[in-house]
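Have a look at the structure below, then the notes.
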Amino acid sequence: MRTGTAARRGDWSAAKSVPTATTFLLLIAAVLPFRVPDYATVTPLFVLAAIYYWTIYRPELLPPLAVFVSGLTLDLLTGAPLGVSSLLLLLARTLVLTQRRFFVDRLFPFVWGGFTLLAAAAIAFLWLLGSLLEGAMLDMRAAALQWVLTVACFPAVGYLLMRIQRAFMSAV
Amino acid sequence: MRLAVPVKAIGQRFALPILVLASVTMIVLGKADTLLFERVRTAFADVAAPLLGALSQPVAAFDSVVERAHDVLGLYSENARLREDNARLLQWEQVAQQLGTENARLRELLKLTPDPAVSFVSARVIANSGGSFVRSVLVDAGSRDGVLRGQAAITGEGLVGRITDVGDRAARVLLLTDLNSRVPVALDGSRERAVLAGDNSDRPRLLYLPLRSEVKVGDRIVTSGNGGIFPPGLPVGVVAAIEDGIVRVEPFAELSRLDFLRIVNYGLNGVLPQPVMPRPAKPGRGAAREAP
């Protein structure tokens, strides 16, 4: 444990909240009204990227409660059925946690590949649950496009989180 | 300190199943009783509104820069098109003025009761619904600005949707394209009645058209006023495609590029229940009155 050095720096509790804080920032970025045609229907799952990243690199700093609350916030802001995102994100975190050792010391393309699979599973889950709850088939093309965009955005989100991690959390 | 460790470990062990269970319970409860979480939603929207409002402004500024660059590129052709439009619209203005005076005279002859005064509130879109579930937006006007559940949200082009949840300073607009949106409409020419039903795609469908309907691509769709939610004659969209008996309508309003909306109060009480008790409308920001 390196808590000694962290405590000496005096900012360890602030640094420890970085994963939760960045997750919430990405969550808000996902609901901002960018006036790009059809963006709203295919908004990338930024929050999923954040949860994937932190679960691989600092799982203890993004506990289930933070994941639950971020999912709930997302549902409240988007108007989706309450509980859907929190369930999705909790399951995603659990899944990533079991596979974490395959990714933690690997090169970025490998980590990206893992996220591709996770995003596919997550969007398929959302589509299924959504179709079930609404009693009608949701648009499958929109879901596919959302998957492509989510995967395409991951390098940028991952890079941003990595820089943040290096800048603020070197001692934690 | 040592005692705290096992307690913490137990908490960690059971946190996940408890939270998953809580999520599932919320999904089931929310499905069984759609109004159950409405208060939570509106309260949360109220709290988040100032933050989202502040954040959506740089986004809007960025969008307008992009739009301006785009405009500059198309300046020449745009100008030519506008000249043409202007010439045509001037003719229309003449016609409209003639019709306006004629209409007023005829109304006087018939002793028709005048339409009720219309008031509206302008509101900025502060959050989109990301994802494939819902088509709705959050706006930064609520009951303190006089917004009520069931009111119509429009842009200059046409109908956008209706207010479903109202908080103190924020409200949610269910777009025409949402799976749960049903709007009584009519074909503009023939006055045939139908229901415009969203299905989360960009083009909502027309349901319950009369059997021998003569609907064709290009027909204008307006609100019919049935049900007393919207006034009759609001422009909604145009018939874009008819395939296998499914009639799809392209809304006039660009639903993916909304920034300012007008929430219109036509003084119709409508058939929608008002589960959140509306407070007495104070004259708020952006409220204005307009004669019909």
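Identify the residue in the range B:17-39 that is surrounded by fewer than 18 Cβ atoms within 10 Å (Cβ to Cβ) and modelled with pLDDT under 85 and, among all such residues, is nearest to the other protein chains (Cβ to nearest Cβ). Filtering first and then ranking leaves B:31. Scan the range B:142-152 and give yes if some residue there is in contact with a strand residue (DSSP E or B) (Cβ under 6 Å, 6 or more places away or on another chain), within 14 Å of chain A (Cβ to nearest Cβ) and among the β-branched types (Val, Ile, Thr), otherwise no. No: zero hits. Among the residues of the range A:126-165, write down those that are farther than 19 Å from residue A:42 by Cβ, more than 12 Å from every other protein chain (Cβ to nearest Cβ) and open to solvent by 20 Å² or more (accessible area, probe 1.4 Å). Scanning the range A:126-165 gives A:159, A:160, A:162, A:163, A:164, A:165.
Taken together, the residues in the range A:31-45 that are in a helix (DSSP H, G or I) and buried (at least 24 other Cβ atoms within 10 Å of the Cβ) amount to 3. Among the residues of this structure, residue B:194 counts as one that is modelled with pLDDT of 90 or more, surrounded by fewer than 24 Cβ atoms within 10 Å (Cβ to Cβ) and assigned to a strand (DSSP E or B).
Check B:169, B:212, B:248, B:203 and return the single one that is open to solvent by 20 Å² or more (accessible area, probe 1.4 Å) and not in a loop (DSSP other than H, G, I, E, B). Full working, then the answer.
On the way: B:169 fails: not in a loop (DSSP other than H, G, I, E, B); B:212 fails: not in a loop (DSSP other than H, G, I, E, B); B:203 fails: not in a loop (DSSP other than H, G, I, E, B).
Going through B:169, B:212, B:248, B:203 in turn, the sole match is B:248.
On the stretch given as the range B:173-191, residues that are within 14 Å of another protein chain (Cβ to nearest Cβ) and open to solvent by 40 Å² or more (accessible area, probe 1.4 Å) total 2. When each of A:50, A:30 is tested for being modelled with pLDDT under 90 and touching a Pro at 6+ places or on another chain (Cβ under 9 Å), the lone residue that passes is A:30.
Residues that are open to solvent by 20 Å² or more (accessible area, probe 1.4 Å) and modelled with pLDDT of 70 or more within the range A:3-17 comprise A:13, A:14, A:16, A:17, listed in sequence order.
Condition check ((1) loosely packed, with under 12 Cβ neighbours inside 10 Å; (2) touching a Leu at 6+ places or on another chain (Cβ under 7 Å); (3) on the phi < 0 side of the Ramachandran plot) across all residues:
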{"site": "B:93", "(1), (2), (3)": "yes, no, yes"}
{"site": "B:102", "(1), (2), (3)": "yes, no, yes"}
{"site": "B:125", "(1), (2), (3)": "no, yes, yes"}
{"site": "B:129", "(1), (2), (3)": "no, no, yes"}
{"site": "B:134", "(1), (2), (3)": "no, no, yes"}
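For the range A:46-88, taking the residues that are open to solvent by 20 Å² or more (accessible area, probe 1.4 Å) and not in a helix (DSSP H, G or I), the one that is nearest to the other protein chains (Cβ to nearest Cβ) is identified as A:81.
Say we look at the range B:32-74 and pick out the residues that are of a type in the set (Val, Ile, Thr) and assigned to a helix (DSSP H, G or I); which of these is farthest from the chain's Cα centre (by Cα)? Let's see the steps before the verdict.
Residues of the range B:32-74 of a type in the set (Val, Ile, Thr): B:34, B:40, B:42, B:47, B:59, B:65-66, B:72.
Filter once more, keeping what is assigned to a helix (DSSP H, G or I): B:40, B:42, B:47, B:59, B:65-66, B:72.
Working: B:40: 21, B:42: 17, B:47: 22, B:59: 21, B:65: 26, B:66: 25, B:72: 30 Å.
This residue is B:72.
In the condition set (1) in a helix (DSSP H, G or I); (2) under 29 Å from residue A:170 (Cα atoms); (3) of a type outside the set (Asp, Glu), residue A:106 is compliant with all but (1).
The values are calculated or read from the model by the stated rules, or taken from the named source; none is laboratory data. Everything quoted here is computed from the prediction, not taken from an experiment. Methodologically, a virtual Cβ is constructed for each residue, glycine included, from the backbone with ideal geometry; neighbour enumeration extends over all protein chains shown. Only protein heavy atoms, including side chains, enter the accessible area calculation; ligands, DNA and RNA are left aside. Shrake-Rupley method; radii C 1.70, N 1.55, O 1.52, S 1.80 Å.
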